[in-house]
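Scroll down for the structure; my scribbles are underneath it.
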Amino acid sequence: MDTSQDRYELGSAPPELERLTRQGRVLEPATRTLLRAAGVGAGMRVLDLGSGAGDVSFLAAELVGPTGEVIGLDQSPDAVELATTRARHNRIDNVRFVVGDIHEPAPGGPFDAIIGRVVLLYSKDPAAVLRTQARQLRPGGVVAPIETDLTTAGARPATPLASRLVSWAGAGFAAANANPTLGRELWEVLREAGLRPLGMLGVQPHFGPGDPNGPALYAGMIRTMVPLLERTGAATAQEIDPDTLEERLAQELIDADAALAYAQLLCAWGTKD
Ligand SMILES: C[S@@+](CC[C@H](N)C(=O)[O-])C[C@H]1O[C@@H](n2cnc3c(N)ncnc32)[C@H](O)[C@@H]1O
């Protein structure tokens with residue numbers, strides 16, 4: 001399916017894949033907590049929807065161990081190539097990556113777990129994606145998507161530039177036809193997909209002042225969105241000043257002695273009856 005609403009608008013050029021790699025590293029502890037809570041563990045066959053640079057697949061590969069297997073699915077050939085290269089480089093041999101659209105049944109089933117992090121928000125019908133993929137779920141297997149709630153993001157205490165970035169991010173996601181608050185709707189999405197929700201958990205990474213990861217993640221995301229923000233008139237490149245954004249945000253947080261909260265990551269997991 002390639003309607004304008006289903007197109008992934010943030011691209012797959014090298015800087016975007018680099019951003020995803022950093023995001024993967026920084027979000028690993030939260031993601032590990034969520035996947036473990038959902039029951040991803042030894043010996044499982046896992047499907048990772050929208051695998052990007054491969055970080056969630058690599059984490060799942062570690063959780064399932066040598067007797068398990070992970071298949072990462074992404075529509076971007078560049079992302080699949082990068083993830084495959086990284087797997088080879090890091091000698092992770094229980095994972096493979098394939099090009100494909102999450103709206104179509106993935107190859108390589110059946111699966112014990114179907115996961116995916118920040119990908120369903122780009123689909124106009126996340127429940128349909130899960131319903132389609134869940135046809136390949138083994139009895140007792142789980143579907144466990146992870147999505148964000150952008151309304152929880154910001155500096156603590158609030159600072160002006162951080163607040164502007166969160167509002168630009170909201171505008172950017174809207175321009176990309178993406179739903180950055182899908183995380184808090186996941187229980188209902190599982191039900192709509194014909195699954196029985198079993199549990200749901202939210203985890204929110206915070207970065208202290210002086211931690212470069214927070215400003216890098218935020219500024220990296222906004223840099224990706226500049227063309228979208230300009231196209232929709234939400235902000236100009238001049239206002240955003242993408243080249244100095246990260247440094248200005250880092251300095252603002254140090255001056256205010258503020259922590260930067262990433263959007264809460266939520267995972268709901270469910271099964272077929
Ligand atoms: C924000 S990235 C997240 C990547 C990875 N899950 C992570 O958390 O690091 C979203 C990924 O989903 C992929 N994607 C978006 N829509 C897709 C679709 N319809 N089918 C397959 N992949 C899709 C994009 O190519 C991109 O790699």
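The table below gives the values:
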read-out: Karplus (6.51, -1.76, 1.60) ³J(HN,Hα), θ = phi - 60°, over region 60-68, in Hz, Gly and Pro reported as x; value: 4, 4, 5, 5, 7, x, x, 8, x
read-out: GLN251 paired with THR33, simple spin-label distance in nm, labels 7 Å along Cα-to-beta-carbon; value: 3.3
read-out: FRET efficiency, 1/(1 + (r/R0)^6) with R0 35 Å, evaluated for THR151 and ASP243 via beta carbons; value: 0.80
read-out: The chain: angle of helix 14-26 to the longest principal axis, Cα-based, in degrees nearest 10; value: 80
read-out: Loop trypsin sites (Lys or Arg not before Pro), region 65-94, which have at most 13 other Cβ atoms in a 10 Å radius of their Cβ (DSSP); value: ARG91
read-out: Cβ-based net charge around THR67, under 13 Å, with every Lys or Arg adding one and every Asp or Glu removing one; value: -3
read-out: Acute angle (nearest 10 degrees) that the helix 28-37 long axis makes with the longest principal axis of the chain, alpha-carbon atoms; value: 40
read-out: Percent accessible area from carbon and sulfur atoms, region 4-271, protein chains only, probe 1.4 Å; value: 52
read-out: For region 4-271, share of DSSP beta bridges that run antiparallel, in % to the nearest 5; value: 45
read-out: Within region 28-70: backbone nitrogen closer than 14 Å to the ASP78 label point (7 Å, Cα to C-beta); value: 52-53
read-out: Nonlocal amide H pairs with ALA153, under 5 Å, H built at 1.01 Å; value: GLN264
read-out: Interchain or long-range residues, amide H under 5 Å from PHE97's placed H; value: GLY72
read-out: Rounded to 10°, Cα long-axis angle of helix 160-175 versus longest principal axis of the chain; value: 50
read-out: From phi via Karplus (6.51, -1.76, 1.60), per-residue ³J(HN,Hα) for region 231-243 in Hz, x at Gly/Pro; value: 4, 8, x, 6, 6, 9, 4, 5, 4, 6, 6, x, 5
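The values are calculated or read from the model by the stated rules, or taken from the named source; none is laboratory data. Keep in mind that this is a model prediction, so the values were computed, not measured. Methodologically, a virtual Cβ is constructed for each residue, glycine included, from the backbone with ideal geometry; neighbour enumeration extends over all protein chains shown. To get the accessible areas, we keep the full protein, side chains included, count just its heavy atoms, and leave off ligands, DNA and RNA. Shrake-Rupley method; radii C 1.70, N 1.55, O 1.52, S 1.80 Å.
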